[in-house]
Amino acid sequence: MYRGSQGIILKKQDFRKSDSFISAYTCDFGKIEAVARGVKKSKSKLSGHLDYFSIIDLMVARGKNFNHISGAVSIKKFLNIRKNLQKINLVFYCLEITDYFIKTGKKDEKIFLLLSRLLMISDKNPHIERLKFIAHCYILKLLNILGYKPELYFCLKCRQKITPNNNFFSAQAGGIFCAKCKKNREKDVFEISNSTIKLLRVILQKDLLNLVKTKLSKNLFTETIKVIDKFINFRLDKNIKSRRFLKF
Ligand SMILES: [Zn+2]
(Lines give C-alpha, C1' and ligand atoms only; values in the text may rest on other atoms or scores of the structure.)
Protein backbone atom coordinates (compact mmCIF):
# COMPACT_ATOMS: atom_id res chain seq x y z
CA MET A 1 0.00 0.00 0.00
CA TYR A 2 1.27 3.46 -0.91
CA ARG A 3 0.42 6.60 0.93
CA GLY A 4 1.36 10.16 0.09
CA SER A 5 1.59 13.27 2.23
CA GLN A 6 3.60 16.39 2.81
CA GLY A 7 6.14 15.87 5.55
CA ILE A 8 9.06 17.38 7.43
CA ILE A 9 12.11 15.33 8.43
CA LEU A 10 12.63 15.09 12.20
CA LYS A 11 15.55 12.66 12.26
CA LYS A 12 17.81 10.82 9.81
CA GLN A 13 20.04 7.96 10.87
CA ASP A 14 22.47 5.80 8.94
CA PHE A 15 20.93 2.42 8.28
CA ARG A 16 22.72 -0.44 6.55
CA LYS A 17 25.33 0.52 3.96
CA SER A 18 23.55 2.95 1.70
CA ASP A 19 20.18 3.45 3.40
CA SER A 20 18.85 5.93 5.91
CA PHE A 21 16.25 5.46 8.61
CA ILE A 22 13.97 8.44 8.63
CA SER A 23 11.52 9.89 11.07
CA ALA A 24 9.21 12.55 9.64
CA TYR A 25 6.13 14.43 10.72
CA THR A 26 3.51 14.29 7.96
CA CYS A 27 0.37 16.32 7.51
CA ASP A 28 -1.88 13.32 6.81
CA PHE A 29 -0.45 10.50 8.95
CA GLY A 30 1.33 12.17 11.84
CA LYS A 31 4.80 10.87 12.62
CA ILE A 32 6.10 8.13 10.35
CA GLU A 33 9.29 6.08 10.47
CA ALA A 34 10.59 4.59 7.23
CA VAL A 35 13.71 3.36 5.47
CA ALA A 36 14.99 5.37 2.51
CA ARG A 37 16.75 2.76 0.39
CA GLY A 38 19.92 3.68 -1.43
CA VAL A 39 19.60 7.30 -0.44
CA LYS A 40 23.33 7.66 0.15
CA LYS A 41 24.15 6.66 -3.43
CA SER A 42 24.59 9.65 -5.69
CA LYS A 43 22.33 8.18 -8.38
CA SER A 44 19.41 7.67 -6.01
CA LYS A 45 16.17 9.37 -7.01
CA LEU A 46 15.63 10.23 -3.38
CA SER A 47 18.92 11.93 -2.66
CA GLY A 48 18.66 15.69 -2.56
CA HIS A 49 14.99 15.49 -1.63
CA LEU A 50 15.20 14.06 1.86
CA ASP A 51 16.93 17.01 3.51
CA TYR A 52 16.32 18.62 6.84
CA PHE A 53 14.57 22.02 6.91
CA SER A 54 12.31 21.26 3.93
CA ILE A 55 8.71 20.46 3.20
CA ILE A 56 8.65 17.29 1.15
CA ASP A 57 6.01 15.40 -0.82
CA LEU A 58 6.55 11.90 0.52
CA MET A 59 5.33 8.56 -0.72
CA VAL A 60 5.51 5.82 1.84
CA ALA A 61 5.06 2.11 1.10
CA ARG A 62 4.17 -0.22 3.92
CA GLY A 63 6.58 -3.13 4.18
CA LYS A 64 6.74 -6.31 6.23
CA ASN A 65 9.39 -5.16 8.66
CA PHE A 66 9.78 -1.51 7.78
CA ASN A 67 7.95 1.16 5.90
CA HIS A 68 9.85 2.44 2.87
CA ILE A 69 10.08 5.84 1.30
CA SER A 70 9.12 5.09 -2.30
CA GLY A 71 9.17 8.67 -3.54
CA ALA A 72 10.19 12.09 -2.32
CA VAL A 73 10.04 15.52 -3.93
CA SER A 74 11.20 18.51 -2.00
CA ILE A 75 8.66 21.30 -2.50
CA LYS A 76 10.02 24.01 -0.22
CA LYS A 77 13.57 24.30 1.08
CA PHE A 78 14.32 26.74 3.87
CA LEU A 79 17.86 27.38 2.72
CA ASN A 80 18.70 30.29 5.01
CA ILE A 81 18.60 28.02 8.04
CA ARG A 82 21.51 26.02 6.61
CA LYS A 83 23.66 29.12 6.30
CA ASN A 84 23.83 29.78 10.02
CA LEU A 85 25.21 27.27 12.52
CA GLN A 86 23.30 28.77 15.45
CA LYS A 87 20.05 28.50 13.52
CA ILE A 88 20.84 24.92 12.56
CA ASN A 89 21.48 23.99 16.20
CA LEU A 90 18.34 25.70 17.40
CA VAL A 91 16.06 24.10 14.80
CA PHE A 92 17.71 20.68 15.33
CA TYR A 93 16.96 21.02 19.03
CA CYS A 94 13.25 21.64 18.23
CA LEU A 95 13.17 18.71 15.77
CA GLU A 96 14.79 16.37 18.27
CA ILE A 97 12.32 17.36 21.00
CA THR A 98 9.43 16.88 18.54
CA ASP A 99 10.70 13.43 17.61
CA TYR A 100 11.14 12.57 21.29
CA PHE A 101 7.64 13.52 22.42
CA ILE A 102 5.61 12.24 19.48
CA LYS A 103 4.82 8.60 18.88
CA THR A 104 4.10 7.28 15.40
CA GLY A 105 0.64 7.06 13.94
CA LYS A 106 -1.27 9.87 15.59
CA LYS A 107 -2.22 12.60 13.20
CA ASP A 108 -2.59 16.24 14.20
CA GLU A 109 -2.55 18.88 11.48
CA LYS A 110 -1.93 21.55 14.12
CA ILE A 111 1.49 20.03 14.77
CA PHE A 112 2.39 19.98 11.08
CA LEU A 113 1.35 23.60 10.77
CA LEU A 114 3.31 24.61 13.87
CA LEU A 115 6.41 22.84 12.58
CA SER A 116 6.08 24.50 9.14
CA ARG A 117 5.77 27.88 10.86
CA LEU A 118 8.92 27.22 12.88
CA LEU A 119 10.90 26.52 9.68
CA MET A 120 9.44 29.53 7.92
CA ILE A 121 10.23 31.93 10.79
CA SER A 122 13.73 30.51 11.34
CA ASP A 123 14.45 30.89 7.63
CA LYS A 124 13.32 34.52 7.45
CA ASN A 125 14.39 35.93 10.78
CA PRO A 126 18.06 36.81 11.10
CA HIS A 127 18.12 37.55 14.84
CA ILE A 128 19.23 34.57 16.85
CA GLU A 129 17.98 35.89 20.22
CA ARG A 130 14.53 36.29 18.69
CA LEU A 131 14.73 32.76 17.31
CA LYS A 132 15.64 31.41 20.75
CA PHE A 133 12.41 32.90 21.99
CA ILE A 134 10.45 31.47 19.03
CA ALA A 135 12.02 28.02 19.52
CA HIS A 136 10.86 28.03 23.16
CA CYS A 137 7.39 29.23 22.13
CA TYR A 138 7.30 26.39 19.60
CA ILE A 139 8.15 23.76 22.20
CA LEU A 140 5.69 25.10 24.77
CA LYS A 141 2.93 25.14 22.13
CA LEU A 142 3.85 21.63 21.02
CA LEU A 143 3.72 20.29 24.59
CA ASN A 144 0.41 22.05 25.06
CA ILE A 145 -1.05 20.30 21.98
CA LEU A 146 0.30 16.99 23.28
CA GLY A 147 -1.49 17.46 26.59
CA TYR A 148 1.33 18.77 28.82
CA LYS A 149 -0.47 22.00 29.48
CA PRO A 150 0.96 24.22 32.21
CA GLU A 151 -1.61 25.66 34.65
CA LEU A 152 -1.30 29.44 34.35
CA TYR A 153 -4.62 30.71 35.69
CA PHE A 154 -5.26 29.01 39.05
CA CYS A 155 -3.06 28.02 41.98
CA LEU A 156 -2.34 24.31 41.67
CA LYS A 157 -3.16 23.68 45.31
CA CYS A 158 -5.93 26.00 46.56
CA ARG A 159 -7.39 26.55 43.05
CA GLN A 160 -7.75 30.29 43.70
CA LYS A 161 -7.40 32.54 40.70
CA ILE A 162 -3.81 33.79 40.30
CA THR A 163 -3.49 37.41 41.50
CA PRO A 164 -0.73 39.68 40.11
CA ASN A 165 1.95 39.32 42.80
CA ASN A 166 3.82 36.68 44.77
CA ASN A 167 3.49 33.69 42.53
CA PHE A 168 5.80 30.71 42.21
CA PHE A 169 6.37 28.37 39.30
CA SER A 170 6.95 24.65 39.74
CA ALA A 171 8.30 22.77 36.71
CA GLN A 172 7.59 19.48 38.45
CA ALA A 173 3.96 20.25 39.24
CA GLY A 174 3.54 22.02 35.89
CA GLY A 175 2.12 25.35 36.98
CA ILE A 176 1.83 28.08 39.57
CA PHE A 177 1.43 28.13 43.35
CA CYS A 178 0.32 31.19 45.26
CA ALA A 179 2.55 32.46 48.11
CA LYS A 180 0.48 30.65 50.72
CA CYS A 181 0.61 27.29 48.98
CA LYS A 182 4.26 27.25 47.98
CA LYS A 183 5.28 26.42 51.55
CA ASN A 184 7.04 23.06 51.84
CA ARG A 185 7.80 23.15 48.13
CA GLU A 186 10.82 25.45 48.48
CA LYS A 187 13.08 23.12 46.53
CA ASP A 188 11.22 23.00 43.25
CA VAL A 189 9.60 26.43 43.02
CA PHE A 190 10.92 29.82 42.02
CA GLU A 191 9.26 33.20 41.86
CA ILE A 192 7.62 34.11 38.59
CA SER A 193 6.72 37.66 37.59
CA ASN A 194 3.28 38.71 36.49
CA SER A 195 4.55 39.79 33.07
CA THR A 196 6.03 36.33 32.45
CA ILE A 197 2.76 34.64 33.45
CA LYS A 198 0.91 36.92 31.02
CA LEU A 199 3.40 36.24 28.24
CA LEU A 200 3.14 32.46 28.72
CA ARG A 201 -0.64 32.75 28.34
CA VAL A 202 -0.20 34.79 25.16
CA ILE A 203 2.25 32.22 23.75
CA LEU A 204 -0.32 29.48 24.19
CA GLN A 205 -3.10 31.53 22.61
CA LYS A 206 -1.42 33.11 19.60
CA ASP A 207 -0.18 31.66 16.34
CA LEU A 208 3.61 31.30 16.24
CA LEU A 209 3.77 33.83 13.38
CA ASN A 210 2.14 36.46 15.59
CA LEU A 211 4.73 35.97 18.32
CA VAL A 212 7.70 37.04 16.19
CA LYS A 213 7.16 40.71 16.98
CA THR A 214 6.44 40.33 20.72
CA LYS A 215 7.99 43.14 22.76
CA LEU A 216 10.50 41.64 25.19
CA SER A 217 12.64 43.29 27.84
CA LYS A 218 15.86 41.50 28.80
CA ASN A 219 14.29 40.31 32.07
CA LEU A 220 11.12 39.07 30.44
CA PHE A 221 13.11 37.21 27.78
CA THR A 222 15.39 35.56 30.36
CA GLU A 223 12.63 34.57 32.73
CA THR A 224 10.35 33.20 30.01
CA ILE A 225 13.14 31.07 28.54
CA LYS A 226 14.03 29.81 32.03
CA VAL A 227 10.44 28.79 32.86
CA ILE A 228 9.89 27.01 29.53
CA ASP A 229 13.30 25.33 29.67
CA LYS A 230 12.64 23.94 33.16
CA PHE A 231 9.15 22.86 32.14
CA ILE A 232 10.58 20.91 29.17
CA ASN A 233 13.51 19.40 31.03
CA PHE A 234 11.30 17.99 33.70
CA ARG A 235 9.33 16.13 31.05
CA LEU A 236 12.34 14.65 29.29
CA ASP A 237 13.89 11.51 30.66
CA LYS A 238 16.93 11.56 28.43
CA ASN A 239 19.44 14.15 27.41
CA ILE A 240 18.60 15.72 24.11
CA LYS A 241 21.82 15.54 22.07
CA SER A 242 21.45 18.83 20.25
CA ARG A 243 20.96 20.65 23.58
CA ARG A 244 24.68 20.61 24.30
CA PHE A 245 25.34 23.08 21.46
CA LEU A 246 22.98 25.64 22.88
CA LYS A 247 23.16 28.22 25.64
CA PHE A 248 19.93 29.55 27.09
ZN1 LIG B 1 -2.80 28.59 46.56
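The values are calculated or read from the model by the stated rules, or taken from the named source; none is laboratory data. Values in this document were obtained by computation on a predicted structure and should not be read as measured data. Here the Cβ positions follow ideal geometry from the backbone for every residue, glycine too, while neighbour counts run over all protein chains shown. Just the protein is used for accessible areas: all its heavy atoms, side chains included, with ligands, DNA and RNA removed. Shrake-Rupley method; radii C 1.70, N 1.55, O 1.52, S 1.80 Å.
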Pairs from Lys83/Lys241; Lys40/Lys107; Lys87/Lys230; Lys12/Lys141; Lys124/Lys182 whose Cα-Cα separation, in the structure shown, is over 31 Å: Lys124/Lys182
Lys110 paired with Lys149, simple spin-label distance in nm, labels 7 Å along Cα-to-beta-carbon: 0.8 nm
C-alpha long axis of helix 85-101 to longest principal axis of the chain, angle in °: 90 degrees
Out-of-range pairs (alpha-carbon distance over 22 Å; input Lys41/Lys238; Lys198/Lys226; Lys161/Lys198): Lys41/Lys238
Computed over the chain, Kirkwood Rh from alpha-carbon pairs, angstrom: 19.4 Å
With every protein chain in place, the stretch 1-77: carbon and sulfur % of accessible area (1.4 Å): 49 percent
Backbone HN-Hα couplings from phi across the stretch 229-242 [Karplus 6.51/-1.76/1.60, Hz, Gly and Pro as x]: 4, 5, 4, 5, 4, 5, 9, 9, 10, 9, 6, 7, 4, 6
Spin-label proximity, Glu33 to the stretch 59-82 - amide N less than 12 Å from point 7 Å beyond Cα toward beta carbon: 66-67
Stretchable slack from Lys247 to His127, in nm (0.36 nm times residue separation minus alpha-carbon distance): 41.7 nm
Net charge over other residues, Cβ less than 12 angstrom from the Cβ of Ser170 (K, R count +1; D, E count -1): +1
Sequence-separation-based contact order of the stretch 79-248, relative, with Cα cut under 8 Å and 6+ spacing, percent: 25 percent
Per residue, in Å², the accessible surface of the chain once ligands and nucleic acids are set aside, probe 1.4 Å: 53 Å²
Extension gain (nm, one decimal) between Asn194 and Lys76, 0.36 nm per residue minus Cα-Cα: 38.5 nm
Relative contact order for the stretch 1-121, counting Cα pairs under 8 Å that sit 6 or more residues apart, in percent: 28 percent
Computed lengthening from Glu186 to Asn165, 0.36 nm per intervening residue step minus Cα-Cα distance: 5.8 nm
Packing-based order for 187-197, 91-101, using average beta carbon neighbours within 10 Å, highest first: 91-101, 187-197
